[in-house]
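The values are calculated or read from the model by the stated rules, or taken from the named source; none is laboratory data. Nothing here was measured: the structure is a model prediction, and the numbers come from that model. Because the Cβ atoms are built from the backbone with ideal geometry, glycine has one as well, and the counts that use them run over all protein chains shown.
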Amino acid sequence: MAVRTATTTGWLLRGEDGRLTAYAPVPGGIVRWTETRPGGPEWSGPQRFEMPGLEPYVSITRSAQGYVFLAGVRRRAHEDGRAETDVVYTTQFQSGRALTPWRTIGTPYGQDWERADQIGTPVAVVDGVGLHLYFRNAGRGVSGRRQDARGIWGPWLDLHGSRVLDAGSACVSADGRVELLASTADAVLRWRQEEPGGPLKRVKDTAAKSLTGSFTSAPADDDRIAHFWRADADSALHVQHAPAPRGEESAEAPAPVALTSLGTGGTGPVAVLRTTLDGQDCTVLAQRSASGLPAVAAYATRDEAAADAAWSETGEECVGAPALALDAAGRVVAAAVAADGTLRVARQRPDARGLALGDWVRV
């Protein structure tokens, strides 16, 4: 079974029952592994869920109720040579339970398959109202749809923007607001809700030459969101702490900070996890290093210039991006998909100081 992961992270999630679940795309569907009990170490799977025509990419998000949503692009060839393209999604309501049938939200272009074929991969995010799906449209702006409180899809939204290369990442803040990023050749575009459940509004761009496919967003302190991406010039990781709305003057985010202490050389998006290590609030990162091995690092939250932060390579060569989560015992769990398509997992050692992972286990 050939697992084909694209540049996405956030694919390791903990359910309401405490069990971790890992997801990965395969040709024509996805596979899923699930802990057999909270905290492991045993897993079931991989279980395969078919979706003919699904591209080898899924965006994954989880609601406050523990519902997991997976979204992607489906392309179906017709006898006349044209490809019918639409955005599809599925839902998992409980750990280990079957996924719902895949549903389509179509595209903004109806039967204009030529324009529909130009859309980018979707970014999924869910707030207190419902699921949002956004993507680069045929005009190189950003389009999307969102559900209302009844789960009914609203009309197509044109968020505007121009020269968009990638609808990069989205996240919900601790106070329930969605923020969305997209990249151009020389800027990072940002939209946000001024209040939970409100419309997404464009705010000031950030001048930055970023690598497409390298974006991750994660909740931070004080109702902020931390946005991570790589510089186009050298793949160095940068972070920008978007401010919570405090009036119009807060619309402009501060300049991104280069994580120079971590060096360069990683690929794809970075996995982000906030937890307590040795009594200190820390941010844990995981990436696929230039060597192909997973690499992890940790630093005191909001102290990105920490001189003692450094990547530590671990495990064996992986494909796609690693993922991070806390298990039912509060231990950091790192996961990666190996070149042979199997899942590999390493857990934080409870008897060690700092971020010390145990042996990687093949699932």
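Give all pairs with beta carbons closer than 9 Å in which a residue from the stretch 149-163 that is over 20 Å from residue 104 (Cα atoms) meets a residue that is part of a strand (DSSP E or B) and aromatic (Phe, Trp, Tyr); count only pairs at least 6 apart in sequence or on separate chains.
Note: pairs meeting the criteria are 159/134; 159/191; 161/191.
Does the stretch 44-57 contain at least one residue that is in a loop (DSSP other than H, G, I, E, B), outside the structural domain of residue 292 (by TED's automatic domain parsing) and more than 22 Å from the chain's Cα centre (by Cα)?
yes
Sort out which residues of the stretch 288-302 are within 13 Å of residue 272 (Cα to Cα) and hydroxyl-bearing (Ser, Thr, Tyr), and write them in order of number.
299, 301
Checking residue 320 against (1) modelled with pLDDT of 95 or more; (2) under 15 Å from residue 12 (Cα atoms), which single condition isn't satisfied?
Looking at each condition in turn, residue 320 falls short on (1).
Given the structure, is residue 302 in contact (Cβ under 8 Å) with a residue 40 or more places away in the chain, in contact with an Asp or Glu (Cβ under 6 Å, 6 or more places away or on another chain) and not assigned by TED's automatic domain parsing to the domain that holds residue 22?
On the way: in contact (Cβ under 8 Å) with a residue 40 or more places away in the chain: yes; in contact with an Asp or Glu (Cβ under 6 Å, 6 or more places away or on another chain): no; not assigned by TED's automatic domain parsing to the domain that holds residue 22: yes.
Judged against the criteria, residue 302 is not a match.
Is there any pair linking a residue in the stretch 103-115 that is in contact (Cβ under 8 Å) with a residue 12 or more places away in the chain to one that is part of a loop (DSSP other than H, G, I, E, B) and surrounded by 11 or more Cβ atoms within 10 Å (Cβ to Cβ), with Cβ under 7 Å and at least six apart or on different chains, and which?
107/119; 108/137; 108/156; 109/138; 113/82; 115/109; 115/138
Can you confirm whether the stretch 81-102 contains a residue that is β-branched (Val, Ile, Thr), within 23 Å of residue 26 (Cα to Cα), assigned by TED's automatic domain parsing to the domain that holds residue 168 and in contact with a helix residue (DSSP H, G or I) (Cβ under 6 Å, 6 or more places away or on another chain)?
Of all residues in the stretch 81-102, those β-branched (Val, Ile, Thr) come to 85, 87-88, 90-91, 100.
Retained after the next criterion (residues that are within 23 Å of residue 26 (Cα to Cα)): 85, 87-88, 90-91, 100.
After this cut, where a residue has to be assigned by TED's automatic domain parsing to the domain that holds residue 168 as well, the list is 85, 87-88, 90-91, 100.
With the extra rule that they be in contact with a helix residue (DSSP H, G or I) (Cβ under 6 Å, 6 or more places away or on another chain), the set shrinks to 85.
Yes, the stretch 81-102 has at least one match.
Considering only the stretch 267-363, give the strands (runs of 3 or more DSSP E) lying wholly within it that have at least 2 residues that are small (Gly, Ala, Ser).
Correct list: 267-277, 294-300, 318-326, 332-338.
What's the number of the condition residue 257 fails, among (1) assigned by TED's automatic domain parsing to the domain that holds residue 39; (2) in contact with a Leu (Cβ under 8 Å, 6 or more places away or on another chain); (3) surrounded by fewer than 16 Cβ atoms within 10 Å (Cβ to Cβ)?
Just one mismatch for residue 257, condition (2).
Got a sec? Which of 267, 275, 260 is at pLDDT below 80, β-branched (Val, Ile, Thr) and over 19 Å from residue 178 (Cα atoms)?
260 is the lone residue from the list that is at pLDDT below 80, β-branched (Val, Ile, Thr) and over 19 Å from residue 178 (Cα atoms).
So which residues in the stretch 323-363 are over 19 Å from residue 47 (Cα atoms) and acidic (Asp, Glu)?
Listed by number, the residues that qualify are 327, 351, 359.
Return the residue satisfying two criteria in turn: it lies in the stretch 86-101 and is farther than 20 Å from residue 45 by Cα and within 20 Å of the chain's Cα centre (by Cα), and of such residues it is surrounded by the fewest Cβ atoms within 10 Å (Cβ to Cβ).
89
From the list 161, 168, pick out the single residue that is more than 24 Å from residue 10 (Cα to Cα) and modelled with pLDDT under 95.
Criteria check complete, one pass: 161.
Taking the stretch 151-171, which residues are in a loop (DSSP other than H, G, I, E, B) and among the charged types (D, E, K, R)?
Answer for the stretch 151-171, where residues must be in a loop (DSSP other than H, G, I, E, B) and among the charged types (D, E, K, R): just 163.
Scanning for something among the small types (Gly, Ala, Ser) and surrounded by 14 or more Cβ atoms within 10 Å (Cβ to Cβ), does the stretch 144-156 turn up at least one residue?
Yes, the conditions are met somewhere in the stretch 144-156.
Quick one: which of 36, 5, 21 is modelled with pLDDT under 95 and either buried (at least 22 other Cβ atoms within 10 Å of the Cβ) or closer than 16 Å to residue 327 by Cα (or both)?
Exactly one residue qualifies, and that residue is 5.
Among the strands (runs of 3 or more DSSP E) contained in the stretch 174-251, which hold 1 or more residues that are among the acidic types (Asp, Glu)?
Qualifying strands (runs of 3 or more DSSP E): 178-183, 200-207.
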